[in-house]
Structure formats: structure tokens, C-alpha cells
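Bear in mind that the values in this text are calculations on the coordinates, not laboratory data. Since the model is a prediction, treat every value here as computed from it, not as a measurement. Glycine gets a Cβ as well: all are built from the backbone with ideal geometry, and neighbour counts include every protein chain shown.
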Ligand code: NIG
Ligand code: FE
């Protein structure tokens, strides 16, 4: 089955040859072709060019994209989209004056979500989660990393990871699974953190590896959650099972978690709302992608990750949603890109690079996703008629996506 898209006003993120990520100054450039066509064969991008070179090309199906932009789908490299219920009461509590930390300290927060998830059947958890997955696909997400971390018992963590595995199987988008057993301390281990880290290392990790349920391992490295020492133990244990790490770090405090993650060749370090010069220095020349989550900053009213500073230091930057019930109950990558422009002063080119090719890198899939490159998966957004690509982040909150193509097929 072949599909030809013609009269594309502008085709974005055309990379030939492919790149795996873009850094610093390179992020200012978004390569495009105006008045373009694009040819898809089955699930793969096989050709593109300007309309003058389109003559004689035929396909089973033709889509006219006059006045519209075509671009790669968003690669959302950090989500917790599998969860049970919601936490809208904590949202109201925060409006009434409690802080995110106050809520966690009185037994709310992540442990609250864990309790709900433990009491939800695997089938019900799957149903709740796929409603969210369907909605983010319609919003242009074509690749999704999903974390566990709302189970906090071996059984419940495995339940979450099995749900993620089922999503991987049932949905055409690319999904990567991350084991985040070290997300919070369960109540039963309140006085015995080492005991919980031992449980993660000696029981959870081996079982998860045996069923091949995870691609990556994550730790919430933060004051009041998991220390540098805990984080290092878990990263090292993960390596025994060939799990590269992706680390939640520097959300509220900067205390060396980035240098530690870089030392262990983490694929990404995520959050970074609190970032100092040592952290920037540690990231230079590393394989580790810094990931900003601006809709989390928006929702919690905490500082935005200094994305401008990161890019100006010559580093790469990825953008992701952090979709979760506590700090970011939204997986709308269009909002993420707008917010990065508005609040972090990224240019539209930088923000689109950060949410496509660099997002793909942060989930280890930029060889096949994140740009318009011959041989890559045909995962594409077709916008409504828009004046230019700048209009996408400018017109925040408006849904400008007309169609989404995943693996060469239009999503209905
Ligand atoms: O990435 N920071 C840690 N974990 C999630 C939020 C968890 C929650 O509040 O449920 C995050 O923001
Ligand atoms: Fe997160």
C-alpha cells in the first residue's frame, strides 16, 4: 500500500542523511522543503521532494495537503500514562495553599496513586490507560515512553509493566517501557529505605528482566525520595540486565545527580528545573540527553528548566510531557512545544527539534523515528491550513492537527 501526499505547503524536519540528535547551534535550524510531496510505501517514508519533481509518481492513495504543514509526529520520551484514577482533589488542595511537598508528606502524592493502582485490576488499568493513549495519538504523538512507578510492590509494578507491554502490542505507535520502582517509598518501608532499594534490586529487577518487561530503568533522585547512593545502586543493578537508565533528577534540588547519571552513561536526565553550572559542565561531551518537562512546571507553578541556558551551552535538549496524575495531567505535546517557546524562550525551530528528533534520541529510537528521512517510519502529522510553522506554538491551546499518520496509515 502506497500513499502520496502532494502540495505540502512546508515539509518539516527533513534530515538526509539522518542525525541521531541535534545540539546547541544546530537546534536553531529546522530543515524544510516548501511546496513538497512525500511518498510512503507501507509503513516507511521512501521519497520526497519539491512538487516540480513529483510528476509521474503514482500511489494507491493521494492526499492533497494544500496550505498545510507535514512533519514527524511528536516523540514523547517521558510519560507515566499508565495510572489509575486521578488526583484532582490534590489539585484543589494546592490551590487552597498546600504545596506538592506538603501533600506528599501527609501521605498523598505518588503513594496515593500507588494505593489506587494496587486496588485496580490489570484489565481496568489497561482500559483507563488506553483512553489516554488514544487521545495523545490524536494530538500527534507517534512514539511514547511509559514508566511504571505507581505500583511500589513487586506485583503492582509488574501489573503496570504488563499493561505497558500490552499497549506496545496493541497500538501502532512506538512504545518504550521504563521500570521506575524507585519512584517513592511505600508506607511499609517508611523507616527502611534500604530495605525497599534491596527489594527493587533483588526481587523486582530480576522478575521484570525475566519477563522482558522493561527497556530502561529510572529513579526519582531527589531529597526526600532517593539519594545519590540509592540511585547509583539501582543504575548499577539495572546494567546487570542491560537496562540503561533514564533518571528523574534536579526537579526541586541540585545535588550531583546529573554528574552521577552522566558517569553511568544514562540515556537521559529529566526535569532539571534546578540546574547549576556544575550540572551543565557534567553534561558536556556526554551521551546523556537533558529533557525538559515544561507542562509540569506550568501545572505545579515551579521554575521552568533553563532550556535557553542548556542550548546556549552547546548542549542538546529534548521536550517531553511527563503525563501523570500528580504533576502533569496532560500529554498534549503541542502545548509542551508552545510552553517551551513562551516560557523557556526556545525558538519554534529549537522546540520542534527538541520534541521530535531529540525526543526520539531520549528514548533510543532516533535511528527510525523523529525526522523525515528515507527509510524511517512514516509517522506524520498533517496540520490544518496554517500561515507558517511558527503559528503552531504561537496559537497555543488551539488544535491545529488535521490528521495523524502512524506506520503509513491514517488514524481515524
Ligand atoms: O515526573 N517527579 C516525580 N514523578 C512525577 C510525578 C509523580 C506524581 O506526582 O504522581 C514527575 O513529575
Ligand atoms: Fe516524570
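What the table shows:
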read-out	value
Hydrodynamic radius by Kirkwood, which averages 1/r over all alpha carbon pairs of region 242-383, in angstrom	15.2
Two-decimal ratio, region 75-361, of alpha-carbon radius of gyration to 2.2 N^0.38 Å	0.92
Separation between Cα centres of region 1-31 and region 95-158, rounded to whole Å	34
Per-selection metrics, region 156-206 (Cα): Rg and Dmax in Å	13.6, 43
Relative exposure of 75, 341, judged by other C-beta atoms within 10 Å (fewest first)	341, 75
Beta bridge orientation in region 75-361: antiparallel %, DSSP, nearest 5	5
Proxy reagent accessibility, fewest Cβ within 10 Å first, across 234, 63	63, 234
Expected-Rg normalisation [2.2 N^0.38 Å, Cα atoms] applied to region 224-284	1.05
Residue order, fewest to most beta carbons within 10 Å, for 328, 244	244, 328
From the C-alpha gyration tensor of region 135-234, square roots of 5λ in Å	26, 14, 11
Region 52-196: projected area of the alpha-carbon convex hull, averaged over directions, in nm²	13.0
Space enclosed by the convex hull of the alpha-carbon atoms of region 1-134, per residue, Å³	204
Helix axis angle, 333-344 relative to the chain longest principal axis, alpha carbon, degrees	80
